[in-house]
Amino acid sequence: MPIAELKTVLGPESASAVWDWRAPDYPVIFEARAAALRRIRAQPALLSSLRDYYRDHPADFIDDWGMTYDPRNVGLGRPALIPFRLFPRQREWIDWVLELWRAGAPGLCEKSRDMGVSWLAVSLACTLCIFHGGMSIGFGSRKAEYVDKLGEMKSLLPKARFFMRYLPEEFRAGFAEWRDSPLMRLFFPETDSAIGGEGGDDVGRGDRRGLYFVDEFAHFERPDLADAALSQTAHCRIDMSSVRGMNNAFARKRWSGRVSVFVFDWRDDPRKDEEWYKKQCAGLEPVVVAQEIDRDYGASVAGVVIPATWARACIDAAKKLGIELTGERGASFDIADEGIDKNAFCGTTGIEIDVLAEWSGKGSDTFETTQRVFDLCDTRAIRTFRYDADGIGAGVRGDARIINEKRAALQAPTITAESWRGSQAVHAPNEIVEGALGIDGNDKGRLNKDYFLNAKAQAWWTLRRRIQKTYRWVVEGMPCHPDEILSISSACPLYLHLVAELSQPTYKTTEVGKIVINKKPNGMPSPNLGDAVMMRFAPGGPLPSIVSQDMLRRMAQLPRRRRY
């Protein structure tokens with residue numbers, strides 16, 4: 001039987017296309033596996049080719065033959081022993097780990113609770129050891145009992161033994177549980193591969209591994225000691241954890257910009273929906289929901305400008321509220337140098353953010369970066385963008401002028417670049433701050449010039465008010481004028497990254513009572529996408545254009561012979 005035909009019987013095309021994740025029909029999967037196994041055993045020559053295929057497609061092997069365990073199913077009238085069906089984001093995670101392993105690079109997985117990441121990690125480890133000779137894979141956690149405690153499925157290595165136990169004998173690489181799985185170890189005789197585990201401060205010390213998984217790294221008591229112990233253990237180390245605020249090594253590493261980050265959000269799980277989320281919110285403490293489910297690093301941080309719960313309410317807010325998108329198309333651009341920060345671009349249609357892009361500034365200059373912004377504007381017919389003119393951004397003015405002159409010579413429409421400086425004085429200094437009452441509680445509140453240190457503080461606070469109004473309308477049913485809210489389209493691949501960045505900045509007041517913004521608390525990198533959005537919705541009309549009046553006059557005299 002050809003491999004392709006067997007995969008049609010076994011693979012995701014056969015079941016996932018009609019698979020109901022909330023009402024799974026497990027017998028269909030068991031019957032398909034039994035039929036495929038009968039065919040394999042009837043044609044032993046097929047096994048060699050199938051092993052070659054699984055060597056390069058470990059996700060298919062897990063999906064075709066893997067088993068997992070969920071005792072919560074018993075109360076729902078379903079079996080606790082179930083086939084491991086991978087949903088799309090889980091397959092992406094496996095591809096991400098493999099890419100880092102082959103490149104010898106570290107990675108970090110930020111996850112909501114109950115996303116099956118531990119099962120994924122041990123299943124992938126077993127699969128690599130089954131089909132690759134000489135593999136050595138490590139697992140570490142803050143306590144040894146979380147790595148291996150015989151008979152305790154919350155530990156990692158019992159999951160690996162479970163996975164191996166229920167594989168067909170043809171795919172066990174000679175593994176016999178009674179012989180090849182002592183405490184903290186699994187051996188694979190046919191491939192001479194092994195999985196090992198350690199717990200505590202000295203995880204991995206003195207050992208060498210091809211791949212190392214660190215579980216719940218945010219919860220280590222002394223993570224610096226674990227980091228030191230693991231420093232030479234493996235080129236590819238994957239830190240996996242739920243969120244536990246900002247004051248830990250996991251959070252610092254996650255926001256450092258130095259490692260590849262994979263985010264597992266609860267919305268990536270097709271078994272969960274908004275009703276599931278509402279049930280969690282009703283039954284758990286808000287801080288628990290924020291950290292364990294919503295991955296909110298600022299849940300316990302004082303002085304957050306935009307709480308993460310507010311920012312999440314903006315996801316597809318226009319669609320949720322039935323608001324028709326009107327208004328001009330515009331954009332903003334936060335420029336970065338050749339360090340770890342990234343250039344960030346935000347495009348909007350009225351109140352909705354529908355374009356997000358970021359890219360490294362390494363190896364390029366401001367002219368090349370500005371040209372890229374022009375190209376992004378062209379793709380969405382955007383004729384104006386705002387940029388941060390403080391620091392390195394000052395060079396955008398001259399670059400945009402040169403680009404516009406070239407476009408004018410080609411009879412192409414120019415794109416207006418508006419400079420914006422967070423260090424400048426506040427907009428409308430003598431107007432009263434919305435929502436800021438006077439000392440005695442009356443509505444004669446403080447003025448902008450008395451409330452904000454600079455334009456940056458005012459802009460972030462203005463964005464806060466916009467997002468707060470969105471939350472109150474979407475969650476609390478308190479409507480406002482549609483033009484006063486913010487909507488973030490989930491069609492933007494970076495929308496969850498933006499939501500996380502919006503809730504990063506904190507604020508405090510100066511000695512004279514003015515609000516000042518800290519965009520990088522606890523040494524976090526600059527929230528570049530957040531800054532771009534902040535600039536896009538900063539108060540004030542269009543700033544002076546960089547297109548000179550002389551250029552405009554010359555452009556008006558040019559005959560329009562062709563369209564750009």
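The values are calculated or read from the model by the stated rules, or taken from the named source; none is laboratory data. Predicted model, so just to flag it, every value in this text is computed and none were measured. Glycine gets a Cβ as well: all are built from the backbone with ideal geometry, and neighbour counts include every protein chain shown.
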When the residues of segment 414-434 are narrowed to those that are small (G, A, S) and over 16 Å from F537 (Cβ atoms), which ends up surrounded by the most Cβ atoms within 10 Å (Cβ to Cβ)?
A417
Being acidic (D, E) and within 32 Å of the chain's Cα centre (by Cα) is the filter here, so list the residues in segment 380-417 that pass it.
D388, D390
Pull up segment 120-179, narrow it to residues that are of a type in the set (K, R) and touching a Gly at 6+ places or on another chain (Cβ under 8 Å), then point me to the one that is surrounded by the most Cβ atoms within 10 Å (Cβ to Cβ).
R142
Is it true that some residue in segment 65-84 is under 20 Å from F262 (Cα atoms) and in contact (Cβ under 8 Å) with a residue 12 or more places away in the chain?
no
Residue that is of a type outside the set (D, E, K, R), on the phi < 0 side of the Ramachandran plot, in contact with an Asp or Glu (Cβ under 7 Å, 6 or more places away or on another chain) and surrounded by fewer than 16 Cβ atoms within 10 Å (Cβ to Cβ), where the choices are A42, A80, A105:
A80
Going by what's in this entry, would A290 be described as of a type in the set (G, A, S), closer than 17 Å to S503 by Cα, in contact (Cβ under 8 Å) with a residue 60 or more places away in the chain and crowded, with 17+ Cβ neighbours inside 10 Å?
no
Here are the criteria: (1) surrounded by fewer than 19 Cβ atoms within 10 Å (Cβ to Cβ); (2) in contact with a helix residue (DSSP H, G or I) (Cβ under 7 Å, 6 or more places away or on another chain); (3) not in a loop (DSSP other than H, G, I, E, B). Tell me which single one A357 does not satisfy.
(1)
Please verify whether segment 387-404 includes one or more residues that are closer than 25 Å to C492 by Cα, at pLDDT 90 or above and assigned to a loop (DSSP other than H, G, I, E, B).
no
Quick one: W21 ticks every box in (1) at pLDDT below 90; (2) surrounded by fewer than 16 Cβ atoms within 10 Å (Cβ to Cβ); (3) outside any loop (DSSP other than H, G, I, E, B) bar one, so which box is it?
(3)
Filter result for the condition that a residue is crowded, with 17+ Cβ neighbours inside 10 Å, closer than 29 Å to R258 by Cα and in contact with a helix residue (DSSP H, G or I) (Cβ under 9 Å, 6 or more places away or on another chain), over D334, D365:
D334
Some residue of segment 107-122 being assigned to a helix (DSSP H, G or I) and either outside the structural domain of D269 (by TED's automatic domain parsing) or over 27 Å from the mean Cα position of the chain (by Cα) (or both):
no
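One line per residue, one yes/no per condition, for (1) at pLDDT 85 or above; (2) in contact with a helix residue (DSSP H, G or I) (Cβ under 8 Å, 6 or more places away or on another chain); (3) among the acidic types (D, E):
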{"position": "R254", "(1), (2), (3)": "no, no, no"}
{"position": "R258", "(1), (2), (3)": "no, no, no"}
{"position": "V263", "(1), (2), (3)": "yes, yes, no"}
{"position": "D268", "(1), (2), (3)": "yes, yes, yes"}
{"position": "D273", "(1), (2), (3)": "yes, no, yes"}
{"position": "Q280", "(1), (2), (3)": "yes, yes, no"}
{"position": "E285", "(1), (2), (3)": "no, no, yes"}
{"position": "V288", "(1), (2), (3)": "no, no, no"}
